[in-house]
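Below is one structure, written out as structure tokens, with a few remarks after it.
The values are calculated or read from the model by the stated rules, or taken from the named source; none is laboratory data. A quick note: this is a predicted structure, and the numbers were derived from the prediction, not measured. As a convention, Cβ positions derive from the backbone with ideal geometry for all residues, glycine included, and neighbour counts pool all protein chains shown.
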Amino acid sequence: MIRFIARRLLTAVLLAFLVVSATFVVLHATPGDPTNLFENPRLSRAQQERIREIYGLDQSLPRQYLDWLEAVVLHADFGTSFSHREPVMTVLGEALPNTLILGLAALLIEFGLGVPIGVLAARWAGTLKDQVLRILSLLLYSLPIFWVGLMAILLFAYRWPLLPAGNMHGIAAIGANGWWRAFDLVRHLVLPASILGISAAGAIARFVRNSLLDTLAQPFIFAARARGLSEARIMWVHALRSALGPVAQLIGLSLPFLLSGALVIEVVFSWPGVGRLVYGAVLSRDYPLLMASTAIGGVMVVVGNLAADLIHAWLDPRVRKELVNATGS
Amino acid sequence: MRPGPRSKAKEADRSLLPWGMGLVAALALLALLAPVLSPYNPDQQIDPVAGRYLPPGARRVAVHLRDGRWMLARKAERSGGNLLVERLGHETRLPLDEIVNLSPTGVRDHRYFLLGSDQFGRDVFSRLLYGARVSLTIALLAVALSAALGVTIGGLAALGGSWIDGFLMRAVDALLAFPRLFLLLFLAALVPSATWIVVLVLGATGWMSVARLFRGEILGLKGRDFVLASRGLGLSPLRIFFRHLLPNAITPVVVDASLRVGEIILVEAALSFLGLGVQPPAASWGNMVADGSTVLTSAWWLAAFPGLAISLTVISFNLLGDGVRSRLDPRSSRSATTSSAEVLG
């Protein structure tokens, strides 16, 4: 098992490294550079050249790449963000927890809603109720979330002012005590997290339904019925446990999507997270920030994929055996 | 065991197909007939002052002046030698000889803004119909492009020997590892925006899973007797590919493509909403929502209706895709792992 993990990690790290390097080349080889950001009629050519020199943009591409790699690997230094004029790690470090809060809340809603709906749909497979749930989940994953976000703001922040329309904290919460701050955060979290969660719950529900239907057709369910176990126990314990394997993989796979998936919602709700940061960095061609977020994205993909496999193996003894056999340990 | 829940469930899946087909056909018709169906020119800024931000259902009298301009007014009545025009809360008198479209009581023309008007006084309903052309064309072309790329690369990987296969599949892994929107943002920000570039970018970020799928199919077929036989007969590799492998491996690609159209429409809309897709003045539903989002509270209809159009279209295509899959794909339970992950994105 340990050998399997080590091997997976090694290939994954190599893969992430390749992707990051490719990003670097593509980013720097395309015309235009961040000095556009400082474009200012009062800025002379010489001053622009000076800025390029300070940020090392006048160097050759391989040189820039090696410098960047050296700083990252040896000093864990991702450089200074062009647009924020602060170390990239500081900027990302402030945004990452915010994105994780939003992403985890969304993930909870997504699976908390998606799994039960999927189980019910599988239970009622082929009946009218199943059909209604299917169409409901199809509706959920067919809606553009940025639009749902805007409509939610329109309804719940303006028409009936129940919830805040954006940002993560209200002005009143600045300097307030912990409980008040937490309450304020939850209020701000309700709309973006539930929109993200509910829209993804449709896909999860459909996935669980199909996965369960496959499982229910298998011999071990037949055997469980023959042993006289109750329908509910078969469904919720025997079938679901085996059907959850692929679902658990989905959780792992959705990790990197927490980083980007929330992007649109973060933009709509002015949530100070990584997605909005990346969006701004793309618009302003903030190389250091983009490179750092790509690298972190790569690491999240690696960790997510590995986590997915491990969770799957933990839930399903058949997969565990397969994995161990494949690596011969 | 109760009588086959699986087969009953599949039957239910299939029952959605006619709905999907009907809705998609209706949408395609709307887009095709946009010039006939749209009441007004989608780009005409008829009266940028009195015509802007009119709510859905607003009716205005349209006074056509001799100098070619149009004026939208709440009321226009003849009184003596003048036309009494109520516009922007004021009453003004215009000499009759300045007006082209007089009728015995007032003027002949009026405008009816079924879904309201935008910040330039353009008719939202007409723009929606024309926007359907943009969104549907982009989606269909992008899906076709990614399918073509995927089939080519997947085919190369499956038939090109282990070295090429290894390289291509690692590349697929690497690209798939990155959230689609990330890739799209990168590409869209790097290249200048034009509609055909949006198609290229969407196609270029969508082929990876097709390549994997098609490669798997071809690998499965490669060792089958009829392929070995055709090889034994000395047929050229190209002929074997096009006559024997492709027709047998294409079905899952078609199923996959039909499921992807809805998703691509969503992605294009998000990209245009973020200002990196279709650029104004071209109307795409995504950038219409973006326009509307800045005046959300004062002119809700600008964001609401294009979003509704996106939703309806995606729902129709997803119904169609679901139906097609349950009909064509024998392993229809192989569910949308990737697409649900992309829904997260």
Query raised in the report: Hey, any hits in segment B:327-344 for a residue that's more than 24 Å from A:SER142 (Cα to Cα) and either at pLDDT below 90 or among the aromatic types (Phe, Trp, Tyr) (or both)?
Result: yes
Report summary line: segment A:225-329: helices (runs of 4 or more DSSP H) wholly inside it with 2 or more residues that are within 9 Å of another protein chain (Cβ to nearest Cβ) and at pLDDT below 80 are A:240-261, A:287-315
Report task. Collect the residues in segment B:83-97 that are surrounded by fewer than 14 Cβ atoms within 10 Å (Cβ to Cβ) and either more than 26 Å from B:PRO56 (Cα to Cα) or aromatic (Phe, Trp, Tyr) (or both), keeping them in residue-number order. Result -> B:ARG93, B:PRO95, B:LEU96, B:ASP97
Report summary line: Per the filter on segment B:300-332, residues of a type in the set (A, V, I, L, M) and touching a helix residue (DSSP H, G or I) at 6+ places or on another chain (Cβ under 7 Å) are B:LEU302, B:ALA303, B:ALA304, B:ALA309, B:ILE310, B:VAL314, B:ILE315, B:LEU319, B:LEU320, B:VAL324, B:LEU328
Report task. Quickly run through segment B:254-283 and pick out the residues that are surrounded by fewer than 24 Cβ atoms within 10 Å (Cβ to Cβ), more than 10 Å from chain A (Cβ to nearest Cβ) and either in a helix (DSSP H, G or I) or on the phi > 0 side of the Ramachandran plot (or both). Result -> B:VAL254, B:VAL255, B:ALA257, B:SER258, B:LEU259, B:VAL261
Requested in this report: Scan segment B:255-305 for residues that are in contact (Cβ under 8 Å) with a residue 24 or more places away in the chain, closer than 17 Å to B:LEU129 by Cα and touching a Phe, Trp or Tyr at 6+ places or on another chain (Cβ under 6 Å) and jot them down.
Outcome: B:ALA269, B:ALA283, B:GLY286
Report task. Mind telling me which of the residues A:LEU185, A:LEU136, A:LEU189 ends up being within 14 Å of chain B (Cβ to nearest Cβ) and either at pLDDT 85 or above or more than 30 Å from B:SER293 (Cα to Cα) (or both)? Result -> A:LEU136
Query - Residue in segment B:17-25 that is away from chain A (no Cβ under 14 Å), part of a helix (DSSP H, G or I), modelled with pLDDT of 85 or more and surrounded by 15 or more Cβ atoms within 10 Å (Cβ to Cβ) present - result: yes
Query raised in the report: B:PHE120: within 42 Å of the chain's Cα centre (by Cα) and either surrounded by 20 or more Cβ atoms within 10 Å (Cβ to Cβ) or charged (D, E, K, R) (or both), yes or no?
Result: no
Query raised in the report: Does segment B:49-60 contain at least one residue that is surrounded by 13 or more Cβ atoms within 10 Å (Cβ to Cβ) and more than 15 Å from B:PHE125 (Cα to Cα)?
Result: yes
Query raised in the report: For segment A:192-210, what are the residues that are of a type in the set (Gly, Ala, Ser) and either at the interface with chain B (Cβ under 7 Å from one of its Cβ atoms) or under 18 Å from the mean Cα position of the chain (by Cα) (or both)?
Result: A:ALA193, A:SER194, A:GLY197, A:SER199, A:ALA200, A:ALA201, A:GLY202, A:ALA203
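Matching residues to (1) over 27 Å from the mean Cα position of the chain (by Cα); (2) under 29 Å from A:PHE269 (Cα atoms):
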{"residue": "A:LEU69", "(1), (2)": "no, no"}
{"residue": "A:GLY93", "(1), (2)": "no, yes"}
{"residue": "A:PRO97", "(1), (2)": "no, yes"}
{"residue": "A:PHE111", "(1), (2)": "no, yes"}
{"residue": "A:GLY126", "(1), (2)": "yes, no"}
{"residue": "A:ARG159", "(1), (2)": "yes, yes"}
{"residue": "A:GLY166", "(1), (2)": "no, yes"}
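The rows are residues; the columns are (1) modelled with pLDDT under 85; (2) buried (at least 20 other Cβ atoms within 10 Å of the Cβ); (3) hydroxyl-bearing (Ser, Thr, Tyr).
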| position | (1), (2), (3) |
| --- | --- |
| A:TYR55 | yes, no, yes |
| A:ARG63 | yes, no, no |
| A:VAL88 | no, yes, no |
| A:LEU100 | no, no, no |
| A:ALA106 | no, yes, no |
| A:GLY114 | no, yes, no |
| A:LEU140 | no, yes, no |
Query raised in the report: Looking only at segment B:26-48, which residues are part of a helix (DSSP H, G or I) and surrounded by 13 or more Cβ atoms within 10 Å (Cβ to Cβ)?
Result: B:LEU27, B:ALA28, B:LEU30, B:ALA31, B:LEU32, B:ALA34, B:LEU37
Query raised in the report: Any residue at all in segment A:166-176 that is closer than 30 Å to B:ILE264 by Cβ and either in contact with a helix residue (DSSP H, G or I) (Cβ under 9 Å, 6 or more places away or on another chain) or more than 10 Å from chain B (Cβ to nearest Cβ) (or both)?
Result: yes
Query raised in the report: Hey, any hits in segment B:226-243 for a residue that's within 23 Å of the chain's Cα centre (by Cα) and part of a helix (DSSP H, G or I)?
Result: no
Report summary line: Log entry, pairs with first residue in segment B:64-81 being of a type outside the set (Val, Ile, Thr), second being at pLDDT below 80, beta carbons closer than 7 Å, six or more apart or on different chains, reads B:ALA76/B:GLY106; B:GLU77/B:THR105; B:GLU77/B:GLY106; B:ARG78/B:THR105; B:ARG78/B:GLY106
**Report entry** Residues within segment B:284-311 that are farther than 16 Å from A:LEU143 by Cα, hydrophobic (A, V, I, L, M, F, W, C) and within 8 Å of chain A (Cβ to nearest Cβ), tallied
**Finding:** 2
Query raised in the report: For residues in segment A:116-129 being within 12 Å of another protein chain (Cβ to nearest Cβ), in a helix (DSSP H, G or I) and free of Cβ contacts under 8 Å to residues at least 12 places away in the same chain, which is surrounded by the fewest Cβ atoms within 10 Å (Cβ to Cβ)?
Result: A:LEU128
